[in-house]
Number of protein chains: 2
Amino acid sequence: MSTAAAVPFSRENLESILKRRFFFAPAFEIYGGVSGLYDFGPPGCALQANIVDVWRKHFILEEDMLEVDCTMLTPHEVLKTSGHVDKFADWMCRDLKTGEIFRADHLVEEVLEARLKGDREARGLAAEVVEEDEDKKKRKKKVKEIKAIRLPDEEAKEYEIILAKIDGFSGPELGQLMIKYKIGNPATNGPLEQPKEFNLMFETAIGPSGQLKGYLRPETAQGQFLNFNKLLDFNNEKMPFASASIGKSFRNEISPRSGLLRVREFLMAEIEHYVDPNDKSHKSFDDFKDVKLNFLPRDIQEAGKTEPITTTVGEAVSSKMVDNETLGYFLARIYLFLTKIGVDPTRLRFRQHMSNEMAHYAQDCWDAELHTSYGWIECVGCADRSAYDLTVHSARTKEKLVVREPLPEPKKVTRLEVEIDKRKFGPKFKKNAPLVENWLTGRTECELEDLAKELDEKLSISAKISGFEEPVEIGQDLIKIEEKTHVEHVREYTPNVIEPSFGIGRILYAIFEHTFWARPGSESRCVLSLPPLVAPTKVLLVPLSTNDRLSPITKKVSKILRSHQIPFKIDDSSASIGKRYARNDELGTPFGVTIDFDSVDDGSVTLRERDSTKQVRGAIDDVVLAIKNITYNGVSWEDGTKNLVPFESKGDDE
Amino acid sequence: MSTAAAVPFSRENLESILKRRFFFAPAFEIYGGVSGLYDFGPPGCALQANIVDVWRKHFILEEDMLEVDCTMLTPHEVLKTSGHVDKFADWMCRDLKTGEIFRADHLVEEVLEARLKGDREARGLAAEVVEEDEDKKKRKKKVKEIKAIRLPDEEAKEYEIILAKIDGFSGPELGQLMIKYKIGNPATNGPLEQPKEFNLMFETAIGPSGQLKGYLRPETAQGQFLNFNKLLDFNNEKMPFASASIGKSFRNEISPRSGLLRVREFLMAEIEHYVDPNDKSHKSFDDFKDVKLNFLPRDIQEAGKTEPITTTVGEAVSSKMVDNETLGYFLARIYLFLTKIGVDPTRLRFRQHMSNEMAHYAQDCWDAELHTSYGWIECVGCADRSAYDLTVHSARTKEKLVVREPLPEPKKVTRLEVEIDKRKFGPKFKKNAPLVENWLTGRTECELEDLAKELDEKLSISAKISGFEEPVEIGQDLIKIEEKTHVEHVREYTPNVIEPSFGIGRILYAIFEHTFWARPGSESRCVLSLPPLVAPTKVLLVPLSTNDRLSPITKKVSKILRSHQIPFKIDDSSASIGKRYARNDELGTPFGVTIDFDSVDDGSVTLRERDSTKQVRGAIDDVVLAIKNITYNGVSWEDGTKNLVPFESKGDDE
């Protein structure tokens, strides 16, 4: 692919091929389609299945994770407890006259961008040369024709600042911007309602009475948490361990866009790795500490910069940029997984979440972002959910979700401890009391030292607790922090959860962009350089002509390929060899096997490599062995084919 | 398993093991659970994944089917057209006082059964010795204590007859039975409303306006039909071909029961095989025509009998018991699939649907039924959906869903043709006109001959058309059937669809029952004899003691197993070898590899077979090869281990 740069990337070409080859298509298209819903056709479905298969081997098998398959239908109570009923929402504005609905942040973004563009035109500045994506073009149609109106200098500057941090505004803040800058329906300029929260979960009723409200899950995580005790038991009470789940989740987007990147039904693969909060080391960390990644930590972003730091995971953890070994371990493993399935490592970065953008449950979070023509896209989240979920479900159900660790022998322990005045504590925090209590009892010795000092000096402590928006003030009237001595037999704790969470559809789309190119000199001949491991079909079998003499050997090769479980297709159409290969380059098929009249005589066949169009020749069994080694055993083309003879194309191909 | 019969099957034991080993469990159990929703734990999830994997290889890969992955969210319009909005329903009765809801057919069944039991007691007859399932026992609790009341002889006889055909009553008929026999709320005897239809689809709203009504799909089929044109194009317009899909579907059961057999969210694997209605032959039929199956055709059932006919598929098709080769081909392939994954062939039969129980779209249908302690359970349906779905979607969307077959050369054709008087035909049949027209134009030459005769004699024809409950009368005023001569270049037709549809959860449960047994002499030692191919874990690796000397060789064996991608678990606990094996017999792990001090000296290990508890010994590589051949290549234990040496257990095991 060293020649790829020669032809500039065209999303239009890529999309046309993905559609034509039925990688995916809008669902219900003959009914006009429903936005945000897509069907995967045969090659997309196979690619997805292969990626899932690699994921399963890379994460689940390698680490003996406990895979579960939980239901998508989820009762209201569970998602109320997890916080999704209250907080899993976007802000929308309604035009009461036309009935149109806009997502508030997108609306403000589009209108201000349009005005800035008009301003630039009015000032006679050259339009910026930005390749605008199809999708944005379509959206822009909503904004009535851009008028070349000059803005006051000050206002233009304000717009720039707002756009730079558009993801960080709350609904009411967006509402204020709409008032301040008179933002209405872009098409009619008509007035809009103030932003209202719209919950993104699909609601339904379970059972015939209609009284059991339920939702389609917004993530696979909750089912895993609810089974924590069963999983710990299955794991013979050993810690740390991980559960994992692969399945569909749902998100009722207000106005889906960007193709596969923002959809209403999507495949996720999620790991919940349970660790001792006092020990977030990882036994295999050393094996991966030398993996180099591009990090974009919080402080760089706060300084308004986007240049990542490239360093090893070992360095990142020892410098405390990445909080702990387990988090670092997973970042490295995520990198190795993504690059194995076709992600371009130069277009992959790990961005730390800013504190105002983190999910309501997260303590810290790094996203694996992939660069596409839509910009940098979050494809994998790697969050430390702390003890949040287990704590809230346990508090709500009165079911303990904890680890009990027998101590090797009874132990006299002197240590700082929090003593809670329950008579005052309960009434003060009400239903949140268990959360606050769990936070307090979950502090390490070091943290307690600091807290004891703070309590002594300020007569209260200020605690940042997941699940609360504001720091929680806890005064001396409610708690004491003092040294106590006990004899202990068992240690009991709520594990913390490190969660790597993969959006398979987004990864899939990024891989399309990262592996797509056109052959220089013939721009209409496009190639998807999917790694053989994940390519939907591994081999195209091509009899040189439709002559009957070739058919026994075609059958023989088919049989051998099938017996090795190598997915292949036969193309025995009368199209030229070149055309047949071109079709399969678009499908990402890495190998071609050509059968000609020499094959009939000596049993040899030609093997063609998709990206280089190099060809080699050899006996059928040797060629199949080469295909197998390159596809499944990570052998390079050069090593895999070194026993085969280079072969000159007869001009039928490139 | 020849000894299995010695200990009678106990569902209670099986269920307790399935729960304890976390094959599956009620979802949201710590919240009290939601009936009809189950989560699969690690072994259940792995077993399910392995079954799906075998399914994919057995059907999709073997026949180059086009796998697709379509959305579960489905807009109202699609399911209105398919008939599900109007007809995918059960009948329910509400108790207006208590708010309880009953499924009408289940209610009538339970009450009449309870009364018959009371009658028998009153007559002093011995209670029948019927092993009553747990589930039924629970349901019976609804029925207040059974009173020993003698029924009039005539009435008792009527009850028997009603119960024999309980599945065949319509809602209003059930309502009449409830009035006639004074059936009310079994617990209170309070009055119930008359049966009302309850649609079994989960409803939701797509998008923020709440105006786009949608459902969770009740089957994966519709998504495949809607993509028909894209699939045909992908297949280079070649017929016949099949699409396939594996995914979750949903059914809002009124009162779910029977564990995994009747659930609200379930995994399906469905094939839609598109054929020329004039040619339902199958190219591979001959390869499978000698497969023998147990058939229970319609006429045997109508005679009130249940003894199946055992014959070959070839016989069944040539005698017209099974309508066509493609249907017969799939019945044989379904049989081979099910027996490969652990179904007991003596507990598998193919039952033809009675005409009154067929789904609204089906033309003919055979179910693969598996026998369990709940009775015979439909696990795979194999229906001829005719051209119904493609026809109705095409009529609704005005999008042609047809095959165009270029004729080798223009052809003068003289044949019977239906001429429709559109001016009268349209107004008469209104929105159903396309259905009737398609039926008429889809008749074969032979059928047209008969119809022409009928039209001539009776001045009208009576047509049984899928989608209509009653035969449709079509008079001479609307159609003529006459010989016409044309020159034709292309033949255009709507394909028929043969649909094998698999309920994976039900199959899974039946396999549990078919493979579960207790070791004679020690009934508490239970075994799941899952075939190695689908067993969740293939090997239990057991170091004889926790002595450090064994740990290098344990690591070595682990590494070899992992490199062969053979799923295994290590049990290095201090429990006795026998206990450790017993645990894994319950998990269905087919092989044990024991490492002892001899292993350290000579590199040999012991291989144990789960069902026979036979042991053999050999070098690590030979043992791994044996495991691989037996598990994945269908080699028998005897052949696979013939190079290994029989080994006497030291009494630690059985």
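Every number in this text was worked out from the coordinates using simple rules, so none of it is lab data. Nothing here was measured: the structure is a model prediction, and the numbers come from that model. Methodologically, a virtual Cβ is constructed for each residue, glycine included, from the backbone with ideal geometry; neighbour enumeration extends over all protein chains shown.
One table, with the values for the structure above:
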read-out	value
Linear extension gain, residue B:189 paired with residue B:354, 0.36 nm per residue minus alpha-carbon span	56.0 nm
Cβ-Cβ FRET estimate between residue A:147 and residue A:432, R0 fixed at 51 Å, reported to 0.05	0.50
Exam field: residue A:412 pseudo-label spacings to other copies (7 Å along Cα-Cβ), nanometres	11.6
Summed side-chain charge close to residue B:497 - residues other than residue B:497 whose Cβ falls under 10 Å, Lys, Arg +1, Asp, Glu -1	-3
DSSP-defined antiparallel bridges as percent of all bridges, the stretch A:537-646, nearest 5	60
Degrees, to the nearest 10: A:504-515 long Cα axis against longest axis of chain A	40
Angle between chain B longest axis and helix B:388-397 axis [Cα atoms, degrees, rounded to 10]	60
Whole-Å distance, taken between Cα centres, linking the stretch B:450-478 and the stretch B:49-63	44
Shortest-first nm distances, residue A:524 label point to equivalent points in other copies (7 Å, Cα→Cβ)	7.7
Counted charge near residue A:81, where neighbours are those whose Cβ lies closer than 11 Å (Asp, Glu -1; Lys, Arg +1)	0
Inter-copy spacing of residue A:307 label points, which lie 7 Å from Cα along Cα→Cβ, given in nm from shortest upward	9.0
Calculated FRET value between residue B:376 and residue A:52, using beta carbons and R₀ = 41 Å, to 0.05	0.70
Surrounding net charge for residue B:204, when Lys and Arg each add one and Asp and Glu each subtract one, Cβ distance under 10 Å	-1
Closest Cβ on chain A to the rotation axis that carries it onto B (distance rounded to whole Å)	A:204, 2
Inter-chain Cβ neighbour average for residues B:15-28, partner chain, 10 Å	3
Cut-off 18 Å (backbone N to label point 7 Å along Cα→Cβ of residue A:415), residues of the stretch A:375-403	A:387, A:402-403
Taking chain A and dividing mean pair separation by its residue count, relative contact order in percent (alpha carbons under 8 Å, at least six apart)	13
Residue-averaged [θ]222 nm for chain A, counting only DSSP H segments that reach four residues, each worth -39500 (n - 2.57)	-10000 deg cm²/dmol
Share antiparallel - DSSP beta bridges, chain B, percent rounded to 5	90
Extended-chain gain in nm, criterion 0.36 nm per residue less alpha-carbon gap, residue A:482 and residue A:544	13.8 nm
Overall form of the stretch A:573-654 per C-alpha gyration tensor (a/c, 1.5; a/b vs b/c)	oblate
Under 24 Å from residue B:480, Cα to Cα: lysines that are on another chain or at least 8 residues apart	B:411, B:412, B:422, B:424, B:428, B:430, B:431, B:453, B:458, B:464
Of all DSSP beta bridges in the protein assembly as shown, antiparallel share, percent nearest 5	90
The stretch A:247-328: C-alpha gyration tensor shape, a/c 1.5 cut-off, then a/b vs b/c	oblate
Rule-of-thumb Rg ratio for chain A [Cα; 2.2 N^0.38 Å; N residues]	1.12
Label point distance in nm, residue A:459-residue B:12, each placed 7 Å from Cα along Cα→Cβ	6.6
Number of partner chain Cβ atoms within 10 Å, mean per residue of A:261-267	2
Between the stretch B:540-556 and the stretch A:192-252, the alpha-carbon center distance in angstrom	40
Cβ neighbours within 10 Å from other chains - mean over B:37-50	6
Residue A:154/residue A:424 FRET efficiency (R0 51 Å; Cβ-Cβ; nearest 0.05)	0.45
Helix axis angle, A:620-632 relative to chain A longest principal axis, alpha carbon, degrees	20
Kirkwood Rh (inverse of mean 1/r, distinct Cα pairs), the stretch B:303-358, angstrom	12.6
Distance (nanometres) between label positions extended 7 Å along Cα→Cβ at residue B:319 and residue B:565	4.5
Residue A:281 versus residue B:489: modelled label distance in nm, points set 7 Å from Cα along the beta carbon direction	8.0
Exposure proxy order (Cβ contacts within 10 Å, fewest to most) of A:108, B:490, B:7	B:490, B:7, A:108
Gyration tensor verdict on the protein assembly as shown (Cα atoms; rounded if a/c is under 1.5, prolate if a/b is larger than b/c, oblate otherwise)	rounded
